[in-house]
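In what follows, a single structure is set out as structure tokens and then discussed.
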Ligand code: GLA
């Protein structure tokens, strides 16, 4: 709900209030964000004061330092020395900005973000507020958009900047959201890591100065995810105040928190200003990506469920996912580049009767690809490996009752390719030789003709082979950024323009092939973000398929993204990334919380192992309703303990699945009780593995007994079912 009362504007979700106020001098003050409070006059609620070395402005009938006023969208150059949300270089070459309130509008639904991924537009459940601010001397207007997703306790924000003057201006910085808090006792929580070690949970306390996470890689990155939370210093999974922020964007970003001299905190999220600038001619306007905010006073778990719910109810393909996940057998770790008809036939034969429904032909099938040195861009079958094309493979799939999926990497080009021979200038390059990574170059997606040509090539592929599933990879980050097609003053627009080009291609392909299940991937989880999930309902979580590492990665990823958006496969041991050997059952149960599949040479397995696959697939199908519609609870963190535990609970609380992974064996150790969450307190739950029935309340307060298994890297699972009430 959105309301107004005099100069005060209120946004309300089921459990939160967000309040702003137009001050007497036209500044837009941020008043409050937190647990829901009644709508009332909030003019008493301010700590404005005069401070030395902080310029004074006239506000609310007195003088106060601009540095002490919390703001909705702060600027630089007029007395507030904290980090600005927007920096405009005006026609006079200066960067002194001032934004004052002009008008506002409340509408039902949500303004569209043309060309960008974002939460639903045509939803009747949503209302939006747009506040227009003007810099009259600078000649530009800023419109702050807020959309309220009431049930999910999410507020979506983005900003539109319009040149209303007579001369050109440059945007040097434009955050999607900015938020001031008059406190600094927060932990800054983020998801950090590296290739094969994505989204490890890390927190550090704020102190005077700035903490920020950034990407300047042209991708949201393995290293730092476009998410951060400000939490109470003592917040846990189930208690404490938590503010969560995430961007619906997949390129360069920055999320930072600055603590001022007076102990206030300014949180900002948006495009990374280091690789950004945008020139606006008179009459032109600019849109930032969307940023999401949520608040929970029940700790991190509740924050995660807000993000999960808004994603699966309102985010593009995640919300209108058709049918369930395919259960895959992927060729990568079974064959790497060395794919052939013969090997595929043997693999398919060995998968007979196991319940696996889709075969995915990973890298190595196209151009004259033998390794990673060639053929990206040549999206036609490798004649040497597949004489006459992929028809025989698709026929084989049909014969074995499976669907056909394929791997592509549309944004890239190899020097050794027909595409490069035809268009050597289509890669990103400057005056220097472009830097290679994995022996490949990046296509200039700011150029429409490049996007068009790649569309045609991929569309032909998907049409010709009745493809039902696509794994869309992106195996390097951007260097040498800039484009031959852009004038000098627009070169710094490249990073954003590239991403907009990628989104154009994704939008077209996913609409034209709406029955195809697209999976995002970037060397595993290098682009795991809400931007990607708008186009593709699932993402290959990490190239690390080792079960023990995966428990951590999936645990960290679940902070923001719903389990059903992750994919996980059972792979061979010793594991190809870590050399570790884990039990087959551990690999299966670790992957069960995600979109499920196999990535190993099934024909080399024993009959007993194949039998286990049959059981695992059957179990996955049983767990699917919990995975898609249930609530996810983290019970024990592998980052702070030797145990990784999570729980899926059905919406109606009648069923639950508990996973407990032991990260290592501790000799001769005691046991412990694992307290469950989200059950119906008065419900009687039958616990299959223990053969007992207990009250939900007991299981949440006293817990389940856990004894460390004697085998290394073991897992324990519990299936709970509520008994009918008499
Ligand atoms: C990336 C992916 C892998 C695999 C390879 C193929 O690294 O994450 O799963 O598809 O590319 O080259």
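Structure data summary
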| quantity | calculated |
| --- | --- |
| Checking residue 398 against (1) within 16 Å of the ligand (Cβ to nearest atom); (2) under 22 Å from residue 348 (Cβ atoms), the condition it does not meet | (1) |
| Residues satisfying the stated conditions in the stretch 369-391, i.e. surrounded by 15 or more Cβ atoms within 10 Å (Cβ to Cβ) and more than 16 Å from the ligand (Cβ to nearest atom) | 380, 381, 386, 390 |
| Qualifying residue in the stretch 320-342 (condition: farther than 29 Å from residue 420 by Cβ, surrounded by fewer than 16 Cβ atoms within 10 Å (Cβ to Cβ) and more than 33 Å from the chain's Cα centre (by Cα)) | yes |
| Residue within the stretch 596-605 that is over 19 Å from residue 357 (Cβ atoms) and either without any contact (Cβ under 8 Å) to a residue 24 or more places away in the chain or out of contact with any helix residue (DSSP H, G or I) (no Cβ under 6 Å at 6 or more places or on another chain) (or both) present | yes |
| Residues within the stretch 278-299 that are in a loop (DSSP other than H, G, I, E, B) and at negative phi, tallied | 6 |
| Matching entry among 68, 16 (being more than 24 Å from residue 127 (Cα to Cα), touching a residue at least 40 places away in the same chain (Cβ under 8 Å) and in contact with a strand residue (DSSP E or B) (Cβ under 8 Å, 6 or more places away or on another chain)) | 68 |
| Test: residue 405 is outside any loop (DSSP other than H, G, I, E, B), within 16 Å of the ligand (Cβ to nearest atom) and either crowded, with 19+ Cβ neighbours inside 10 Å or under 29 Å from the mean Cα position of the chain (by Cα) (or both) | yes |
| Selection count where residues are touching a helix residue (DSSP H, G or I) at 6+ places or on another chain (Cβ under 7 Å) and within 8 Å of the ligand (Cβ to nearest atom), scope the stretch 517-533 | 0 |
| Residue in the stretch 300-313 that is in contact with a helix residue (DSSP H, G or I) (Cβ under 6 Å, 6 or more places away or on another chain), within 30 Å of residue 614 (Cα to Cα), free of Cβ contacts under 8 Å to residues at least 40 places away in the same chain and outside any strand (DSSP E or B) present | no |
| Any hit, the stretch 359-368, residues being farther than 30 Å from residue 418 by Cβ, within 16 Å of the ligand (Cβ to nearest atom), outside any helix (DSSP H, G or I) and touching a strand residue (DSSP E or B) at 6+ places or on another chain (Cβ under 6 Å) | no |
| Verdict on residue 268 being part of a strand (DSSP E or B), in contact (Cβ under 8 Å) with a residue 24 or more places away in the chain and touching a helix residue (DSSP H, G or I) at 6+ places or on another chain (Cβ under 6 Å) | no |
| Criterion (over 25 Å from residue 299 (Cα atoms) and surrounded by fewer than 19 Cβ atoms within 10 Å (Cβ to Cβ)) met by exactly one of 693, 698, 640 | 693 |
| Where residue 429 falls short, out of the listed (1) buried (at least 22 other Cβ atoms within 10 Å of the Cβ); (2) more than 16 Å from the ligand (Cβ to nearest atom); (3) assigned to a loop (DSSP other than H, G, I, E, B) | (1) |
| Yes/no for residue 612 being in contact with a helix residue (DSSP H, G or I) (Cβ under 8 Å, 6 or more places away or on another chain) and assigned to a strand (DSSP E or B) | no |
| Residues of the stretch 466-483 classified as away from the ligand (no atom under 16 Å from the Cβ), modelled with pLDDT of 95 or more and out of contact with any strand residue (DSSP E or B) (no Cβ under 6 Å at 6 or more places or on another chain), total | 5 |
| Matching residues, the stretch 615-635, being surrounded by fewer than 18 Cβ atoms within 10 Å (Cβ to Cβ) and in contact with a helix residue (DSSP H, G or I) (Cβ under 6 Å, 6 or more places away or on another chain) | 628 |
| When residues of the stretch 27-53 are limited to those that are assigned to a strand (DSSP E or B) and in contact (Cβ under 8 Å) with a residue 60 or more places away in the chain, the one surrounded by the fewest Cβ atoms within 10 Å (Cβ to Cβ) | 35 |
| Residues of the stretch 408-421 classified as within 16 Å of the ligand (Cβ to nearest atom) and either in a strand (DSSP E or B) or in contact with a helix residue (DSSP H, G or I) (Cβ under 8 Å, 6 or more places away or on another chain) (or both), total | 7 |
| Tally of residues being within 16 Å of the ligand (Cβ to nearest atom) and either within 21 Å of residue 647 (Cβ to Cβ) or within 18 Å of the chain's Cα centre (by Cα) (or both) across the stretch 566-586 | 3 |
| Members of the stretch 236-253 found to be surrounded by fewer than 24 Cβ atoms within 10 Å (Cβ to Cβ), touching a strand residue (DSSP E or B) at 6+ places or on another chain (Cβ under 8 Å) and part of a loop (DSSP other than H, G, I, E, B), listed by number | 237, 238, 239, 241 |
| Filtered residues of the stretch 573-598 (kept if more than 18 Å from residue 715 (Cβ to Cβ) and surrounded by fewer than 22 Cβ atoms within 10 Å (Cβ to Cβ)) | 574, 576, 577, 579 |
| Entirely in the stretch 119-197, the strands (runs of 3 or more DSSP E) that have 3 or more residues that are within 21 Å of the chain's Cα centre (by Cα) | 140-149, 154-163, 169-181, 186-194 |
| Residues satisfying the stated conditions in the stretch 154-172, i.e. crowded, with 24+ Cβ neighbours inside 10 Å and either without any contact (Cβ under 8 Å) to a residue 24 or more places away in the chain or in contact with a helix residue (DSSP H, G or I) (Cβ under 9 Å, 6 or more places away or on another chain) (or both) | 154, 156 |
| Of all residues making up the stretch 328-358, the number that are closer than 17 Å to residue 438 by Cα and not in a loop (DSSP other than H, G, I, E, B) | 1 |
| Failed item, numbered, when residue 489 is tested on (1) at pLDDT below 95; (2) under 30 Å from residue 638 (Cα atoms) | (2) |
| Single residue of the stretch 432-444 satisfying the filter (within 31 Å of the chain's Cα centre (by Cα) and assigned to a loop (DSSP other than H, G, I, E, B)) that is nearest to the ligand (Cβ to nearest atom) | 438 |
| Test set (1) in a strand (DSSP E or B); (2) closer than 23 Å to residue 500 by Cα; (3) in contact with a helix residue (DSSP H, G or I) (Cβ under 6 Å, 6 or more places away or on another chain) - residue 200 fails condition number | (2) |
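The values are calculated or read from the model by the stated rules, or taken from the named source; none is laboratory data. It should be emphasised that the depicted structure is a prediction, and the values quoted were computed from it without experimental measurement. As a convention, Cβ positions derive from the backbone with ideal geometry for all residues, glycine included, and neighbour counts pool all protein chains shown.
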